[in-house]
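Visitor: The structure under discussion is supplied below as structure tokens; questions concerning it will follow.
Read-outs throughout are calculated quantities, based only on the coordinates presented, and are distinct from any laboratory measurement. The shown structure was predicted, so the numbers you read here are calculated from the model rather than taken from an experiment. So basically every Cβ, Gly included, is an ideal-geometry build from the backbone, and we count neighbours across all protein chains shown.
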Amino acid sequence: MALLGTGLVAGFAAGLLGVGGGWIMAPVQYWVYLEMGIPSEVALKVAFGTNLLVFLPTAASSAWGHQRRGAVWWKAAMVLGGCAFFGALSGATAADHIAASALKTIFGATMLAIAIGMLVVKPPATTEEPRDNIWLWIVCAFPVSFMAALTGLGGGLFMLPIMVLVFKFRMHLAVGTSAAMMTMTCLGGLVGYMVYGVGVAGTPSPSIGYVYLWAWLCLVTTSIAAVQLGVRTAHRLPAKQLAWVFSVIVLYVGLKMLGLFSWLGWPI
């Protein structure tokens, strides 16, 4: 039930914010897997790998919904996505050689930085179409997708702030283009997690490498159903409110993964 409910939230977020929902799916899966008795070193990587398989149909559904509203710049999405495939594959490779405790800290700290950046930096107030800047897109895509796969995320969580603050995309165009780009980021990272997890002791069954198929089925079933609701909600919210929703949620999850609330003794 926890995974089914998590899928609903993740799918809604994918449509609403153009991100994959990994910021909620990874922590919940990790805690569920620990309760199942899966070793911590394996549990976090299984959560990350399974996330990426969930993102594929969810991101595609989100991109389709935004495309219907004219909010996807396909040229940017294809350039970014092509570079992101190789960056994500490299990130998944690196994750296989890093301890789970370090990955957990990286995950929490990265989301905390993203949330603070979105809350502090004012998005550009523009109604103009952003200009082509292919080389800037390429330069940003590889490291962003590397970090996305390293933390089991689809890339939208990292790329959305960059699209708004660096590429000067309007918020709604950034959300739609981010969703389209995520499909390639997910593919690259997924290949790595599937390959490097083969034969690892402690992975749950049935699995393909670090991808737990039963959890994937629970998450993807409800997430796809919720995506289009998120898309419709996104296009009814002003850009400023959309940015605040994104930032506050990510801030909470980042602090949660870093253990701040546990340290303070807060049951949240």
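Visitor: Rounded to the nearest 0.05, what FRET efficiency do residue 139 and residue 102 give with R0 = 35 Å and r taken as the Cβ-Cβ distance? Could you check?
Guide: Once the sixth-power term is evaluated, E becomes 0.85.
Visitor: Kirkwood Rh, the range 143-219, all Cα pairs: how many Å? Display every interim value, and only then the final one.
Guide: On the way: mean 1/r = 0.0732 Å⁻¹.
Averaging 1/r across every pair of different Cα atoms and inverting gives 13.7 Å.
Visitor: Can you give the extra length, in nm with one decimal, that the chain gains between residue 132 and residue 232 once fully stretched, where that is 0.36 nm per residue apart less the Cα-Cα distance?
Guide: Full-extension gain reported as 33.2 nm.
Visitor: What's the percent breakdown of Cα-Cα distances in the range 56-117 across 10 Å bins, shortest bin first?
Guide: All Cα pairs, binned at 10 Å, distribute as 17, 30, 40, 12, 1 percent.
Visitor: I would also like to ask the following. Return the Cα extents of the range 133-177 along principal axes one, two and three, sorted largest first, each rounded to a whole Å.
Guide: 27, 22, 14
Visitor: Sorted by mean Cβ packing within 10 Å, highest first, what order do the peptides 84-92, 218-226 take?
Guide: 84-92, 218-226
Visitor: Among 193-199, 57-63, 6-12, 210-216, what's the highest-first ranking by average C-beta atoms within 10 angstrom per residue?
Guide: Answer by packing, highest mean first, reads 57-63, 6-12, 210-216, 193-199.
Visitor: When the label point is put 7 Å from the Cα of residue 69 along its Cα-to-beta-carbon vector, which residues of the range 162-194 have a backbone N closer than 12 Å?
Guide: Answer for this model: 171-177.
Visitor: What whole number of Å gives the distance from the Cα centroid of the range 183-206 to the Cα centroid of the range 132-175?
Guide: Comparing the Cα centres of the range 132-175 and the range 183-206, I get a distance of 23 Å.
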